[in-house]
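The values are calculated or read from the model by the stated rules, or taken from the named source; none is laboratory data. On a predicted model such as this, the values are computed, not experimentally measured, just so you know. Quick reminder, even Gly has a Cβ in these numbers, built from the backbone with ideal geometry, and neighbours come from all protein chains shown.
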Amino acid sequence: MAARFNCMRGLRGGLFGGLIAAVLAAGCEKSHPAGASLRADASEEAAYSQADTMAQDRTWPRPRSEDRLSERRRMVRTLAEYGIDDPRVLEAMEQVPRHWFVNEPEQPWAYADRPLPIGHGQTISQPFIVAYMTWVLELDADSKVLEIGTGSGYQAAILNEFTPNVYTIEIVAALGRQAQQSFARHGYTTISARIGDGYAGWAEHAPFDAIIVTCAPDDIPEALIEQLKPTGRMVIPVGSVSSVQQLVLVTKGENGVISKRMLMPVRFVPMVEIR
């Protein structure tokens, strides 16, 4: 469940372009990401000012490495060409070494914009989808975020760039243990990870300001909606593996009213439930 498979790329058009043009071939999807109005338009100067403010507030441990930094920077330039223009997201993608979360045989492609196998029939998502899903959550240093589907741990490490309050659940025990070991080895001390059923969420730590799901249920689990804080945001792929799935942005109003918005077609592994 935890890791994900998609071969989606976004092509820049305006801020993010308008209409989705999806081409499904050989299990892959390429699309123009929709969502130009997910954030209010802001000048580049204001955005970087916000990034500077965030940087000053980041006081929790965030591991750093110079290894393969030039490759990370090339990856970030590619993401910017695809339309990821939030400086905080680009900074996070540059700072987190993706090769820490990639198996040895796949190391040559650690910074390619493609999914990679991580074992147990699962994959680490391509950098574009990691960046895009992070972007739509609108995180800040006070956000409490729940991830369903730890996989290799890479997405959780990206989330940890924004907030120390990261909770992540993995149903495949071997992958969950491996991710926990990676967090400990590299110094991600504020990520809380456990092995369990993502359908149930993590009620002990609810409500969450943001929830990110990296596997596709047929329908959005009610427990996750309940655990989303009023004014919170959830990004989740929805649909069966035999059909075109949709990446959905779920928002909860202050009065608890739920709104859903389709963002783009995607392809993820199915979300598995413990029975």
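Odds and ends about this structure:
- Met93 being farther than 19 Å from Ser182 by Cβ and aliphatic (A, V, I, L, M): no
- Residue that is surrounded by 13 or more Cβ atoms within 10 Å (Cβ to Cβ), farther than 15 Å from Leu137 by Cα and in contact (Cβ under 8 Å) with a residue 12 or more places away in the chain, where the choices are Gly232, Gly187, Gly196: Gly196
- Being touching a helix residue (DSSP H, G or I) at 6+ places or on another chain (Cβ under 9 Å) and not hydrophobic (A, V, I, L, M, F, W, C) holds for only one residue in Arg233, Arg177, and it is Arg233.
- The condition of being part of a strand (DSSP E or B), of a type outside the set (D, E, K, R) and more than 21 Å from Ile118 (Cβ to Cβ) holds for only one of Ser243, Ser259, that being Ser259.
- So Ser152, is it farther than 20 Å from Leu228 by Cα and either modelled with pLDDT of 95 or more or crowded, with 24+ Cβ neighbours inside 10 Å (or both): yes
- Residue match in the stretch 208-221 (condition: surrounded by fewer than 20 Cβ atoms within 10 Å (Cβ to Cβ), touching a residue at least 24 places away in the same chain (Cβ under 8 Å) and in contact with a helix residue (DSSP H, G or I) (Cβ under 6 Å, 6 or more places away or on another chain)): no
- Pairs linking a residue in the stretch 160-171 that is closer than 14 Å to Ala210 by Cβ to a residue that is surrounded by fewer than 24 Cβ atoms within 10 Å (Cβ to Cβ) and among the acidic types (Asp, Glu), with Cβ atoms under 9 Å and 6 or more positions apart or on different chains, are Glu161/Glu91; Phe162/Asp140; Thr163/Asp140; Thr163/Asp142; Thr163/Asp209; Asn165/Asp142; Asn165/Asp209.
- Residue satisfying all of: in the stretch 192-229; among the aliphatic types (A, V, I, L, M) and part of a strand (DSSP E or B); nearest to Ala174 (Cα to Cα) among these: Ile195
- Yes/no for Arg261 being basic (Lys, Arg) and surrounded by 21 or more Cβ atoms within 10 Å (Cβ to Cβ): no
- For the stretch 244-258, the candidate set comprises residues that are surrounded by 15 or more Cβ atoms within 10 Å (Cβ to Cβ) and either touching a helix residue (DSSP H, G or I) at 6+ places or on another chain (Cβ under 6 Å) or of a type outside the set (Val, Ile, Thr) (or both); within that set, the residue that is nearest to Val136 (Cα to Cα) is Leu249.
- Note on the stretch 104-149: residues that are at positive phi and surrounded by fewer than 24 Cβ atoms within 10 Å (Cβ to Cβ) amount to 4.
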